[in-house]
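To start, the structure under review is shown below, and the notes come after it.
The values are calculated or read from the model by the stated rules, or taken from the named source; none is laboratory data. The structure presented is a predicted model; accordingly, all values stated were derived computationally and were not measured. Ideal geometry is used to build each Cβ from the backbone, glycine not excepted, and the neighbour counts take in all protein chains shown.
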Amino acid sequence: MNYPLAIFAPHIGACSETFIRRHMQNLLPEGTVVVTGTVDGPHAGYWSVDCPVLVLDRVQASGLKQRLVRAVARRFGWRPAEYLVSAVTRFLKRHHVQVVMGEYLDLFLPWLGVVQGLGVRLFGHAHGYDVSERLCDREWRAAYLGYNQANGVITMSQVSRERLIGLGLEASKVYVIPYGVDVPPLPLLRLQQKAVRCIAVGRMVAKKAPILTLDAFRRAAKVCPNLQLDYVGAGELLLAAHQFVRTFKLGDSVRLHGPQPNEVVRRLMREADICLQHSVTDPATGDEEGLPVALLEAMALSLPLVSTRHAGIPEAVLNGFTGYLVEEGDSHGMADRLITLARDPGLRRRMGEAGWHRAKEHFSWEKERADLLRVLGLV
């Protein structure tokens with residue numbers, strides 16, 4: 001059987017990577033195969049795929065992906081071991097693959113030469129840290145020029161496109177295709193309740209700034225004690241978030257849910273009134289967001305947003321129309337915008353409906369899928 005599309009990804013099943021799950025399962029149903037580093041470990045287990053899969057750490061001993069990336073970081077242009085190349089080559093030929101899309105530019109880099117040698121079309125897909133943190137390193141910037149030999153690079157925002165072109169990638173080969181989400185046929189209508197429920201979704205890492213989000217909520221809740229917050233996400237700062245909640249005695253108004261599958265996230269969003277996300281540039285590494293899928297899902301579910309002017313977020317959230325944007329680090333300003341929305345249910349409804357219209361026009365899965373298939377040449 002022919003499988004025209006192969007997707008390379010570091011792992012299968014990461015809770016936060018719903019966009020990669022969507023590419024694997026729904027971009028070309030019954031026409032996709034997957035090459036992945038692992039299906040085990042801390043970043044896996046939340047979902048799987050029903051298609052032919054080659055798992056590289058079953059070809060070699062576990063830890064392949066980590067050693068692979070370290071080797072690339074040490075000496076760009078490094079080629080995977082020949083028996084891995086042989087396994088991948090046989091897999092792609094056996095399934096008659098015509099197009100390869102590699103998720104994350106840095107992790108796919110070792111396979112560029114291998115795939116080029118097979119005569120198939122080749123695209124890298126950027127997502128976030130790979131077009132922010134990696135670009136702080138001179139050697140990674142130089143290595144990315146290898147993508148000029150590919151058929152194209154797909155990224156999710158104009159900001160990241162401009163960065164890639166600034167490195168020296170050919171402008172005609174860098175495509176902006178924002179992520180797409182499920183958008184209901186009509187805006188979601190919410191009944192006015194005594195409590196105003198907020199939701200925040202994201203890994204508890206520096207670029208998501210969970211403590212600043214909690215601080216903004218704390219300040220707003222002093223003025224509007226009917227505010228409640230559901231926070232979904234896990235990560236290295238989860239313990240700090242729990243400590244913040246205990247220190248400021250927010251246990252009655254803040255629930256930290258830890259990691260949850262997308263179905264739970266969407267249920268909580270339907271029950272919420274406002275969505276919060278305080279994204280920042282990680283001062284230690286330079287890591288940034290790409291275009292947070294959680295914000296797009298919130299817009300699709302008619303939630304007004306309070307977020308930051310960061311990376312691709314202003315390309316999705318229209319300040320004063322679909323929500324509010326504040327500067328990175330400004331938890332006081334975020335609290336003020338949250339108070340404004342908490343006090344005005346009519347404003348929440350208008351902004352939520354405007355967000356739904358914007359999601360339907362620009363950020364639906366149907367639009368992303370059509371654009372990806374066109375660029376990949378799989379229409």
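At-a-glance table
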{"quantity": "Odd one out for VAL131, checked against (1) crowded, with 18+ Cβ neighbours inside 10 Å; (2) over 22 Å from GLY113 (Cβ atoms)", "calculated": "(2)"}
{"quantity": "Test for LEU303: is it in contact with a Cys (Cβ under 6 Å, 6 or more places away or on another chain), modelled with pLDDT of 95 or more and among the hydrophobic types (A, V, I, L, M, F, W, C)", "calculated": "yes"}
{"quantity": "Condition check for GLU315: under 19 Å from the mean Cα position of the chain (by Cα), surrounded by fewer than 22 Cβ atoms within 10 Å (Cβ to Cβ) and outside the structural domain of ALA126 (by TED's automatic domain parsing)", "calculated": "yes"}
{"quantity": "Looking only at region 219-235, and only at residues there that are of a type outside the set (A, V, I, L, M, F, W, C) and in contact with a helix residue (DSSP H, G or I) (Cβ under 8 Å, 6 or more places away or on another chain), the one that is surrounded by the fewest Cβ atoms within 10 Å (Cβ to Cβ)", "calculated": "ASN226"}
{"quantity": "Pair list, Cβ under 9 Å, 6 or more apart: region 159-171 residue of a type in the set (Val, Ile, Thr), other residue in a helix (DSSP H, G or I)", "calculated": "VAL159/VAL131; VAL159/PRO314; VAL159/GLU315; ILE165/ALA171"}
{"quantity": "Residue ID - nearest to HIS125 (Cα to Cα), chosen from residues in region 155-165 that are among the β-branched types (Val, Ile, Thr) and buried (at least 21 other Cβ atoms within 10 Å of the Cβ)", "calculated": "THR155"}
{"quantity": "Output for region 32-52, where each listed residue is modelled with pLDDT of 90 or more and buried (at least 17 other Cβ atoms within 10 Å of the Cβ)", "calculated": "THR32, VAL33, VAL34, VAL35, THR36, VAL49, CYS51"}
{"quantity": "Answer residue from region 322-373, given it is in a loop (DSSP other than H, G, I, E, B) and in contact with a Lys or Arg (Cβ under 8 Å, 6 or more places away or on another chain) and is surrounded by the most Cβ atoms within 10 Å (Cβ to Cβ) among those", "calculated": "THR322"}
{"quantity": "Which listed residue, of LEU167, LEU239, is of a type in the set (A, V, I, L, M, F, W, C) and not assigned by TED's automatic domain parsing to the domain that holds LEU291", "calculated": "LEU167"}
{"quantity": "Inter-residue pairs, beta-carbon under 6 Å, first farther than 19 Å from TYR129 by Cα and among the acidic types (Asp, Glu) and in region 1-27, second surrounded by fewer than 24 Cβ atoms within 10 Å (Cβ to Cβ) and modelled with pLDDT of 95 or more, 6+ apart", "calculated": "none"}
{"quantity": "Options GLY102, GLY113: the member that is surrounded by 18 or more Cβ atoms within 10 Å (Cβ to Cβ) and of a type in the set (Gly, Ala, Ser)", "calculated": "GLY102"}
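For (1) out of contact with any His (no Cβ under 6 Å at 6 or more places or on another chain); (2) under 26 Å from THR340 (Cα atoms); (3) touching a residue at least 60 places away in the same chain (Cβ under 8 Å), each residue gets a yes or a no:
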| residue | (1), (2), (3) |
| --- | --- |
| GLY235 | yes, no, no |
| VAL245 | yes, yes, no |
| GLU271 | yes, yes, yes |
| GLN277 | yes, yes, yes |
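Each row is one residue, and each column tells you yes or no for (1) closer than 26 Å to PHE363 by Cα; (2) within 18 Å of the chain's Cα centre (by Cα).
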{"residue": "LEU118", "(1), (2)": "no, no"}
{"residue": "HIS125", "(1), (2)": "yes, yes"}
{"residue": "CYS136", "(1), (2)": "no, no"}
{"residue": "VAL159", "(1), (2)": "yes, yes"}
{"residue": "GLY168", "(1), (2)": "no, no"}
{"residue": "LEU189", "(1), (2)": "yes, no"}
{"residue": "GLY202", "(1), (2)": "yes, yes"}
{"residue": "LEU214", "(1), (2)": "no, no"}
